[in-house]
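Just below is one structure, and these are the notes that go with it.
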Amino acid sequence: MCPPVDSSLPVLVTGGAGFIGSHLCDALVEAGHLVHCLDDLSTGSERNIAHLLGHPRFRFMRGDIRVMDDVRAAMAGVGTVLHLAALGSVPRSIADPMATHAVNLTGFLHVLEAARQAGVQRFVYASSSSVYGDSTELPKREDRIGQPLSPYAVTKAANEAYAGVYHRLHGMPVIGLRFFNVFGERQDPEGPYAAAIPRFIRSLLRHGSPTIHGDGLQTRDFTYVGNAVQAVLAAMRSDASKSAGQVFNVACGERTTVLELVHLLREELAGIDPAVARVQVVHVPARQGDVRDSLADVTRAKELLGYTAIFSLRQGLGRAVPWYAQHWT
């Protein structure tokens, strides 16, 4: 039996200074939770949580999930673990699989084992749509995955396997969330491994040509960060007798080509800078490890977590684009 969650105990957010993690910390603090944020700031940033520093319900701890002592120190006294810390990016994992393994697998196991030893009441972790690999079936359903196409995908599939084993062996109340192409404010557009939407916005704002890998007809289920946060909160509060030991798709349930995405971004930016309408895209060869098409079936998350995407792609862009125009021009 999974114990009920005691909302008076602190919630530990690993990767809490990152893009999704910082939005989650905001939502938890606003909801009245005590929040412990663990981050080594290697891909996260203190600027993402600067407005929370000093808040009586927020505590920042700088630490590395690859170091078990750091994890155990952060785990002390918490009731719920929301594990988002990871080294993202398919291309980065191909270029440096050892680093991806160390963070996403060794680090994940550290957090999972420390949570077991501490007897946490709920453990929600971030998985990824990358686990669907070479499966061509659409929409993507949780019980039908393909062969992984990158080391990153391997680590996320292994995370799910480890979590499942801990649930079956120890009764741990683990819940996995397969995020699909999350975007939004605070997602860094800089660097060689930046995600598509912030890179495209930055390029258009600077009148530079967005670079598209392949023909641009590949499809994605772009998911606004507000939906991702809602899903984590729903998993944290869900009936563990129905949700523990399972994984759930988290997405909008909308299929959009990359070329359509660029068109939507031009429309959103038109009122800020009409000149973006004249900026043309540049096509380069497709990347290794990228899936061709992606669309999520979110039925299971709706039925067992009570999740419904509250932001469409266009609504999410309507929030994200002005933020980038203010912070990255």
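Any read-out appearing in this document is the output of simple, stated calculations on the displayed coordinates, not a laboratory observation. In this text the structure is predicted, and so the values were computed from the model without any measurement. A quick note on method: Cβ atoms are made from the backbone with ideal geometry, for glycine too, and the neighbour counts reach across all protein chains shown.
For VAL182, the residues whose modelled amide H falls within less than 5 Å of its own, excluding neighbours fewer than 5 places apart on the same chain, are THR223. What number, in percent, do you get for the relative contact order of the chain if the mean sequence gap of Cα pairs under 8 Å and at least 6 apart is divided by its residue count? The normalised contact order for the chain reaches 18 percent. Relative to the longest principal Cα axis of the chain, at what angle does helix 19-30 sit, 0 to 90 degrees, rounded to 10? Result, in degrees: 60. Amide H to amide H distances under 5 Å link MET172 with HIS167, where only residues 5 or more positions off or on other chains count and H is placed in the peptide plane.
When each of the peptides 209-222, 76-89, 43-56 is scored by how many other beta carbons lie within 10 Å of its residues on average, the order from highest to lowest is 76-89, 209-222, 43-56.
Ranking of ASP39, ASP6 by neighbouring Cβ atoms within 10 Å, starting from the fewest: ASP6, ASP39.
Principal-axis analysis of the Cα atoms of the chain puts helix 258-269 at an angle of about 80° to the longest axis. Ellipsoid fit via the Cα gyration tensor, the stretch 136-263: semi-axes of 32, 16, 14 Å, each the root of five times an eigenvalue, largest first.
When peptides 177-186, 305-314, 122-131 are sorted by average Cβ neighbour count within 10 Å, with the highest value leading, the order is 122-131, 177-186, 305-314. Report, for the chain, the % of DSSP beta bridges that are antiparallel, rounded to 5. If we restrict to bridges inside the chain, about 5 percent are antiparallel. Roughly what % of Cα-Cα distances in the stretch 69-155 sit above 15 Å, to the whole percent? For the stretch 69-155, the fraction of Cα-Cα distances above 15 Å is 62 percent.
Each principal axis of the Cα cloud of the chain was taken in turn, and the coordinate range along them, longest first, works out to 58, 45, 37 Å. For the stretch 194-281, the normalised intensity computed at q = 0.14, 0.24, 0.25 Å⁻¹ comes to -0.62, -1.18, -1.24 (log10 of I(q)/I(0), Debye sum over alpha carbons, equal scatterers, no solvent).
Using only alpha carbons, the stretch 1-150 has a radius of gyration to Kirkwood radius ratio (Rg to Rh) of 0.99. For LYS242, LYS140, LYS156, LYS302, the sequence from fewest to most other C-beta atoms within 10 Å is LYS242, LYS302, LYS140, LYS156. Summarising the amide proton neighbourhood of VAL35: residues at separation of 5 or more, or on other chains, whose placed amide H is nearer than 5 Å comprise VAL11, PHE58, ARG59. Using C-alpha pairs below 8 Å separated by at least 6 residues, the relative contact order for the stretch 109-165 is 35 percent. The simple spin-label model puts a point 7 Å past each Cα toward its Cβ; for VAL284 and ARG47 those points are separated by 2.4 nm. With respect to the chain, whose longest principal axis is taken over its alpha-carbon atoms, helix 225-237 is tilted by about 20°. Modelled spin labels at VAL165 and ASP215, positioned 7 Å past Cα toward Cβ, are 4.2 nm from each other. Calculated on the Cα set of the stretch 175-329, radius of gyration then Dmax: 16.5, 54 Å. Stretched out straight at 0.36 nm per residue, the stretch from HIS207 to GLN315 would grow longer than its current Cα-Cα span by 36.5 nm.
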